[in-house]
Amino acid sequence: MLLQTMGKINLYTHKYKFHADEVVGCAMLLSVSPSTKIENITRIDYDERPSFGLRDFVLDVCRKYDAIRFFDHHQNEIKKDGTDKATAGLVYKFLVDNYYIEDFKDLRDLVKMVDDNDVGYVPAAFGTLPDIINKMNSYDINNDDLQFEAFAKAVNFVKDLIDNMLKVNKVNQERIKNTKKMLENTTPVNGVVYLTTYPTGWRDIILEQTIDADIIAWYNESKDQYCAQVIPKEKDSFEPKGRALCWDEEGVSNDEIVFVHKGNFYVAAKTKEALLEYIEKYAK
């Protein structure tokens, strides 16, 4: 959720090879609100100490952290409190603590992945964000012009990603509220809880409740289909809480059945009647 604006700011970070932690930190500062503008990005040597102003944010350089404008993590004193955050985590904490952005799991997990890689806990596996940002460095990291252009591209790439994450999170929070209301106002029938639209976030919600159902069903308006899925035992599992939606050759030959997953956890049908009939016959 975009909560506040920071107005015009300047960013300072280090020259030469850039890393995911300062790129993500810069991108998050840019993503605070549409009216937050970066006047200048300046890349300095590690031992430079220019005179900084009140609107300057200094990331991953100068060996100073004050949780206000300086966000480096290489100095010894930052480890005294047991913190293992890199620049991305320090900037994220600042933005959340000052209500510039809302704390939510996906962005928090992304920042933690970047931090864990930067401080040496987790290698940058192929295709992860730290790996992608690393590959966005130019072919000559000592060429200031090439590196500045590459750095700006990397920051804009991550900014677009974070902007979308913030937008999706905001929309999903509203959808999750609707899912909670639907589940509160729906009584399961024969172990099936049927909802009139796709229940965003239903796994988290339904596993926190005591509900007399092992299958959840809904109408998919965009595809004009009626869908059902087993309620799992655990959040990140497809192992059913009770019955499985078994794949059956006779059942799938019905023209009204659009799809049955061979993993025995999902069915889609053209009509509600066909869906409920399949559940009645083949849920075991």
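What follows draws every value from the coordinates through simple rules; no lab data is involved. Just so it is clear, the model here is predicted, and its values are computed rather than measured. Every residue, glycine as well, gets a Cβ built from its backbone with ideal geometry; the counts of neighbours run over all protein chains shown.
If I fit a long axis through the Cα atoms of helix 105-118 and take the longest principal axis of the Cα atoms of the chain, what angle between them do I get, 0 to 90°, rounded to 10?
50
Between PHE151, PHE18, PHE265, find the one with the highest GNM mean-square fluctuation for the chain; connect C-alpha pairs within less than 10 Å.
PHE265
Read through the labelled values [x] 6, 23, 23, 16, 16, 11, 4, 0; [y] 7, 29, 34, 21, 8, 1, 0; [z] 6, 23, 29, 23, 14, 5, 0 and report the label of the one computed as P(r) over Cα pairs in 10 Å bins from 0, in percent from the structure.
[x]
Once the Cβ-Cβ distance between ASN10 and GLU174 is put in as r, and R0 is 35 Å, what FRET efficiency do you end up with, to the nearest 0.05?
Plugging the Cβ-Cβ distance into 1/(1 + (r/R0)^6) gives 0.50.
Could you work out how much longer the chain between ASP236 and ARG108 gets when fully extended? Use 0.36 nm per residue separation minus the Cα distance between them, nm to one decimal.
Separation in residues times 0.36 nm, less the Cα-Cα distance, equals 44.2 nm.
Between TRP247 and TYR46, what length in nm is gained on full extension when 0.36 nm per residue of separation is reduced by their alpha carbon distance?
Details: separation 201, 0.36 × 201 = 72.36 nm, distance 6.16 nm.
So the extension gain works out to 66.2 nm.
Rounded to two decimal places and with Rh computed the Kirkwood way over Cα pairs, what is Rg over Rh for the stretch 6-157?
Rg divided by Rh gives 0.93.
What is the chain's relative contact order, in percent, from Cα pairs under 8 angstrom and six or more apart in sequence?
On the way: 476 pairs, mean separation 38.4, N = 284.
Across the chain, relative contact order equals 14 percent.
If the cut-off is 14 Å between C-alpha atoms, which aspartates and glutamates fall inside it for LYS167, apart from same-chain ones fewer than 8 positions away?
Of all the aspartates and glutamates, those that pass the test against LYS167 - Cα under 14 Å, at least 8 places apart if same chain - are GLU102, ASP103, ASP106.
Under 8 Å for C-alpha pairs, at least 6 residues apart: give me the relative contact order for the stretch 126-196, rounded to a whole percent. It would help to have the intermediate numbers written out before the result.
Working: 22 pairs, mean separation 10.5, N = 71.
Here the relative contact order equals 15 percent.
How far apart, in nm, are two points set 7 Å out from the Cα along the Cα-to-Cβ line at THR187 and at ARG55?
6.2
Net charge near LYS270, counting Lys/Arg +1 and Asp/Glu -1 over other residues with Cβ under 11 Å of its Cβ?
Surrounding charge for LYS270 is -2.
Just for the chain, what percent of DSSP beta bridges are antiparallel, to the closest 5?
Of those bridges, close to 55 percent are antiparallel.
Any idea what the relative contact order of the stretch 186-282 is, in percent, if you count C-alpha pairs under 8 Å spaced at least 6 apart?
21
For the chain, what is the mean residue ellipticity at 222 nm derived from helices alone (per DSSP H run of n ≥ 4: -39500 (n - 2.57); sum divided by total residues; nearest 500 deg cm²/dmol)?
-11500 deg cm²/dmol
Taking 0.36 nm per residue of sequence separation and subtracting the Cα-Cα distance, how much length would be gained by fully extending the chain between PHE148 and PHE126, in nm to one decimal? Don't skip to the answer; put the middle values down first.
Working: separation 22, 0.36 × 22 = 7.92 nm, distance 2.41 nm.
Here the answer is 5.5 nm.
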